[in-house]
1. How many residues are part of a loop (DSSP other than H, G, I, E, B) and loosely packed, with under 12 Cβ neighbours inside 10 Å if we restrict to the range 201-218?
2. More than 16 Å from the ligand (Cβ to nearest atom), surrounded by fewer than 17 Cβ atoms within 10 Å (Cβ to Cβ) and without any contact (Cβ under 8 Å) to a residue 60 or more places away in the chain, is that true of Pro133?
3. If I ask for residues that are out of contact with any Lys or Arg (no Cβ under 7 Å at 6 or more places or on another chain), in a strand (DSSP E or B) and surrounded by 11 or more Cβ atoms within 10 Å (Cβ to Cβ), which ones from the range 163-199 would you list?
4. Please list, ordered by first then second residue, the pairs with beta carbon atoms under 8 Å, 6 or more apart or interchain, first in the range 70-95 and under 13 Å from Leu108 (Cβ atoms) and of a type outside the set (Phe, Trp, Tyr), second in a helix (DSSP H, G or I) and more than 12 Å from the ligand (Cβ to nearest atom).
5. Hey, could you check the range 128-152 for residues that are small (Gly, Ala, Ser) and in a helix (DSSP H, G or I) and say which is farthest from the chain's Cα centre (by Cα)?
6. Could you figure out which of (1) within 30 Å of Gly109 (Cα to Cα); (2) within 16 Å of the ligand (Cβ to nearest atom) isn't true of Pro186?
7. Just checking: which of the strands (runs of 3 or more DSSP E) contained wholly in the range 11-119 hold 2 or more residues that are farther than 16 Å from Leu157 by Cα and within 16 Å of the ligand (Cβ to nearest atom)?
8. Select from the range 12-47 the residues that are surrounded by 17 or more Cβ atoms within 10 Å (Cβ to Cβ) and farther than 20 Å from Glu129 by Cα and list them in ascending order.
Amino acid sequence: VAGSPSARTRVRRLPARAAYDRETICAILDEAPVAHLGFVSGGQPIVIPTLQARVGGTIYIHGSAASRAVRTLAGGAPACLTVTILDGLVLARSVFHHSVNYRSVVVLGNASIVGGAGERAHALEAFVERLVPRRWSEARPPSAKELKATSVMRMTLDECSAKVRTGGPVDDEADRALDVWAGVIPLRMVAGTPVADDYVDRHARPPESVRDWISRRR
Ligand SMILES: Cc1cc2nc3c(=O)[nH]c(=O)nc-3n(C[C@H](O)[C@H](O)[C@H](O)COP(=O)(O)OP(=O)(O)OC[C@H]3O[C@@H](n4cnc5c(N)ncnc54)[C@H](O)[C@@H]3O)c2cc1C
């Protein structure tokens, strides 16, 4: 992970909110499994939501070998991968200063296809483990047919940036006396009660992996 911005990843507006260090960038990526993957296809910018899993300085993305994203990126097209975590709604006294608290990461580069069987298996395991730790060993491993239908791609964290907004509204001084409520509504992702499917024994408890995951997000 680059520790300083390139000319392309330097945040221009409110640069004090930017971060380029590995710790900040990896923590955001690891908390947000959903990424938006941008690329140009036939002259048209396309942004596709997709799962991502970071392992070291590499981000893995996967998809059907037939998908447009895979076909375009495998051809060497430049890509931009973004993740966003919404941490709160920031309500100011003026409409102008309304904002949101967030943590986001932007990664620029080219995706490349992961060809080696060892790295592919490692990446697929990372996807499942990033969703729910210990799930890989609970579920059936992929068959040869399933592996063949799945393309795995990697992007490296060489050119990337984070941006983080925290804190309350930044009202104009003259507005502070207005009789308008101002502050933050914090937001976070919480887990609901798991719903077993029809083929689970109705007396069975969810596995410990699931119970642990939920208890961390209540
Ligand atoms: C949930 C959310 C809501 C936002 N709402 C608004 C809004 O309503 N209006 C608004 O103007 N801005 C908003 N932003 C900020 C926005 O993402 C950009 O930071 C902003 O447009 C300023 O970009 P720039 O011109 O400085 O940089 P640009 O020239 O657009 O980008 C230069 C480089 O800076 C880096 N960069 C820029 N933004 C981010 C980012 N958010 N995270 C990580 N790296 C970044 C990238 O590497 C990019 O290549 C929001 C951000 C988030 C996460």
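What follows draws every value from the coordinates through simple rules; no lab data is involved. No experiment lies behind these values; they were computed from the predicted model shown. Glycine also receives a Cβ, built like all others from the backbone with ideal geometry; neighbour counts cover every protein chain displayed.
1. Result for the range 201-218: 7.
2. Numbers: more than 16 Å from the ligand (Cβ to nearest atom): yes; surrounded by fewer than 17 Cβ atoms within 10 Å (Cβ to Cβ): yes; without any contact (Cβ under 8 Å) to a residue 60 or more places away in the chain: no.
Taking the combined requirement at face value, the residue does not satisfy it.
3. Scanning the range 163-199 gives Gly183, Val184.
4. These pairs meet every condition: Ala79/Leu73.
5. Going residue by residue through the range 128-152, those that are small (Gly, Ala, Ser) are 137, 139, 143-144, 149, 151.
Narrowing the set further to residues that are in a helix (DSSP H, G or I) leaves 144, 149.
Numbers: Ala144: 28, Ala149: 23 Å.
Once the filter is applied, the top-ranked residue is Ala144.
6. Answer for Pro186: the failing condition is (1).
7. On the way: elements: 34-41, 44-51, 53-55, 58-64, 78-91, 99-110.
Qualifying strands (runs of 3 or more DSSP E): 34-41, 44-51, 78-91, 99-110.
8. Listed by number, the residues that qualify are Ala18, Ala19, Tyr20, Thr24, Leu37, Gly38, Phe39.
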